[in-house]
Every structure is written in structure tokens, then in C-alpha cells.
1. Give me the Kirkwood hydrodynamic radius of the stretch 33-106, using the inverse of the mean 1/r over all pairs of distinct Cα atoms, in Å to one decimal.
2. With n ≥ 4 as the cut-off for DSSP H runs, can you work out [θ] at 222 nm for the chain, using -39500 (n - 2.57) per run divided by the number of residues, rounded to the nearest 500?
3. Heads up, I need the accessible area for Phe121: 1.4 angstrom probe, whole protein in place, Å², nearest 10.
4. Give the longest segment of the chain that steers clear of GluC sites (Glu not before Pro) in DSSP loops with at most 15 neighbouring Cβ atoms within 10 Å, not counting the sites themselves.
5. Across the stretch 65-74, in residue order, what do the Karplus-derived ³J(HN,Hα) couplings come to in whole Hz, using 6.51 cos²θ - 1.76 cosθ + 1.60 with θ = phi - 60° and x for Gly and Pro?
6. At a 1.4 Å probe radius, carbon and sulfur cover how many percent of the accessible area of the chain?
7. With no solvent and one equal point scatterer per Cα, compute the Debye intensity ratio I(q)/I(0) for the stretch 82-179 at 0.10, 0.20, 0.21, 0.23 Å⁻¹ and report its log10, rounded to two decimals.
8. Starting from the residue with the highest accessible area, list Ile163, Ile5 in decreasing order, probe 1.4 Å.
Amino acid sequence: NHSPIAAFTIRVSPAVDDQPATVTDVGRASAVFQGTVNPENSETFYHFAYISEAGYQAALAEGAPNPYAGGGATEEVSVPAELGDQTVGTEAGDLLPGTTYHYALVASNTAGSSIGEDHTFTTSPGAPPVATTGGASAISQNSATLSGTVSTNGLQTNYGFEISAEPFQPGTHVPATGL
């Protein structure tokens, strides 16, 4: 007497970072993350979690179970149900210039989640603003409207005008309004 043959699948959490994760194309505000995911024959989703050095250290000091929780994450992407390492990658575009970040590859399927090793990278420094002085208009005995343009290069920027009766001599700083 035999019972019918039944098939079953053992579900296993995905494996990450058999090849260490890397970051390429690091700019002032973006970076491209790459790593490896083994979906262990189950549909798997992955993303890269990242946080600034200061945020990471604060989370560790507080004993947070997930030091990346207060940071950002790339969009979640699906990996097909296969066996073996698959190279994966995605871009983050909301980074701050001149900042060191900690990051890890995170993958999950129906059996659970896996977090790769912690790695770091530093974004390129920010570029200084570029200011161009324009002309003066509505000139009267006691006032004038000054103009100019400011390219902030993606950074918060304060600006104003310096007024002097003599060219190339120190003058009075006049803060500008609005930006």
C-alpha cells in the first residue's frame, strides 16, 4: 500500500551580498548601488537602505535594532524566483553633498528577510553658489532696486548685496529678501 506522491517546496530566506555590495557613479546628490541576491527559488524583493554617518552612529548608541530605520531606502524591486546569485542594482537620488553614508542591501521573500553587511561611501562635495550682479533700477536720491542672479547648485544659499561708493572698496552689506 502506497500513499500518493506529494511535492513540496522548502522556503528559505534570500541570501544577499555573496559578492560584496558596491556603490558607483557617486555624485553630489546621487549614487548607484549594486549587490547580489540569491532568491532561493522564491519571488524576492530587494532595496538598499542608507543613512548618514551621524544618523547611523546615533542609532547604534540608542541600541536601535535597525540602524538604517531613520534613513532612506531605494525603490523596492522584484527578483524572479530562481536559484543562484543575481546581480541587482538601483539608484538613490536624494543624498546630501559631502556626506558619508552607511548602506546595506535588504532582500525579503515569503520565508523572511536578510540584511547584508554594512558598507560606507561619501558623496561628492557641493559646489559653491555662483552669483552674477545685475543692474540697478528705480534709482532715486535715497533708494535703488538692485538685481542679480544666483545659482545655488542644489544647496541652501543665503545672498545679499554689498554697496560701496568706491569701486573695489568694502561697503555696506544689504541682505536680500526672498529666494
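The values are calculated or read from the model by the stated rules, or taken from the named source; none is laboratory data. It should be emphasised that the depicted structure is a prediction, and the values quoted were computed from it without experimental measurement. Note that we place each Cβ from the backbone using ideal geometry, even for glycine, and neighbour counts take in every protein chain shown. Quick note on the areas: whole protein, heavy atoms, side chains included, nothing else; ligands and nucleic acids left out. Shrake-Rupley method; radii C 1.70, N 1.55, O 1.52, S 1.80 Å.
1. 13.3 Å
2. It lands at -1500 deg cm²/dmol.
3. 20 Å²
4. Result, exposed sites excluded: 118-179.
5. Per-residue couplings from phi come out as x, 10, x, 8, 4, x, x, x, 8, 6 Hz.
6. 52 percent
7. -0.56, -1.12, -1.18, -1.30
8. The residues order as Ile5, Ile163, largest area first.
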